[in-house]
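Every read-out reported here was derived from the displayed coordinates using simple, explicitly stated rules and does not represent laboratory data. None of the values given here were measured: they were computed from a predicted structure. Cβ placement follows ideal geometry from the backbone for every residue including glycine, while neighbour counts extend to all protein chains displayed.
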Amino acid sequence: MIPGSTFLIAAIFGVIVATTLGGALLAVLSTRIIRSVTGLALCCVGLAGLYYFLGSPFLALMEILIYVGAVCVTIIFGVMLSEPDEPEPRALRGRELAWGIAASLVSAAVLLGGVRLAGRWAAPVSDFARLSAGGPARADGSVTAIGVSLLTTYSLPFELISLVLLVAILGALVIARGGRSRQ
Amino acid sequence: MTLPLHAQAGVYFAIAAFLLAAGIYGLIRRRTFIGMLISGEIIFSAAALNVMTLNRFVAPDPSVGQIFVLFIMGLAAAEVAIALSIIIAVYRNYRSIHSKEVSELEG
């Protein structure tokens with residue numbers, strides 16, 4: 001093992017988590033809508049990193065391809081076609097603020113008191129360490145395994161989702177075209 | 001010996017819970033339809049992150065969760081396409097996509 005790699009991995013993980021959380025906050029809190037689209041893109045890049053840490057580089061790629069490449073670009077087109085100027089949020093009144101603080105205190109108490117995140121959720125032995133020690137390869141979540149089970153076990157949902165996408169494309173075209181006057 | 005942070009399920013669950021909370025907050029607070037759509041996407045991502053965490057730490061077959069998350073992504077893409085076309089249709093009729101001003105039903 002390379003010396004210092006533990007620290008490096010921890011630093012990369014921290015950057016990824018900060019990207020995810022910061023992107024989500026930017027997406028939710030900013031008043032300009034184009035900034036919150038940018039926040040969504042940042043959040044999705046961070047999520048791709050989290051998927052990579054969860055042992056699925058394929059999903060990380062798909063996340064960037066679909067969310068950053070398709071969804072955010074489509075939302076930006078929607079922003080350009082309309083005028084989504086968000087009005088300034090009005091200030092909270094005293095009663096609302098009091099209720100909000102009370103609700104967050106109660107839920108924090110419930111969470112901290114009732115839910116314990118520690119326990120049996122330990123990670124399995126890292127595949128890399130096991131494989132480099134000469135152990136047998138498990139039924140892994142590789143791209144090959146995903147492809148095989150998509151076309152055998154999950155072939156019906158696979159076909160159904162292609163149907164859903166087709167219907168969504170046609171429906172989007174019909175809805176967005178309707179009502180446009182012929183010049 | 002304690003595990004590093006990226007090998008603990010609780011960290012991922014906490015991130016997913018934060019994303020869910022942020023998404024719900026945005027869904028309530030936003031006053032344009034596109035902002036609400038963005039918050040909905042964050043909620044979707046929180047669900048997908050939960051599924052992937054469980055897939056990594058408890059599932060016997062590690063490809064099931066990835067396929068599930070792929071389906072979530074496909075459905076989210078379809079939902080965005082439909083929602084944006086509805087938003088554009090609403091904007092063409094009302095000249096506005098603020099959720100307060102679109103308050104009249106017509107066939």
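Observations on the structure shown:
- Cα-based equivalent ellipsoid, segment A:1-83: semi-axes from gyration tensor eigenvalues, Å: 29, 15, 7
- Exposed trypsin sites (Lys or Arg not before Pro) absent: longest stretch of chain B, with sites in DSSP loops and at most 10 other Cβ within 10 Å deemed exposed: B:1-94
- Rounded to 0.05, the FRET efficiency of the A:LEU111 and B:ILE28 pair, given R0 = 22 Å and the Cβ-Cβ distance, is 0.65.
- A:GLU159, A:GLU83 arranged by Cβ crowding within 10 Å, fewest neighbours leading: A:GLU159, A:GLU83
- Inter-site label distance for A:THR31 and A:LEU61 at 7 Å from Cα along Cβ, in nm: 4.3 nm
- Averaged over the residues of A:2-15, the number of partner chain Cβ atoms lying within 10 Å of the residue Cβ comes to 1.
- Estimated FRET transfer efficiency (B:SER103, B:ALA14; beta-carbon r; R0 41 Å; 0.05): 0.60
- Amide H to amide H distances under 5 Å link A:GLU83 with B:ILE97, where only residues 5 or more positions off or on other chains count and H is placed in the peptide plane.
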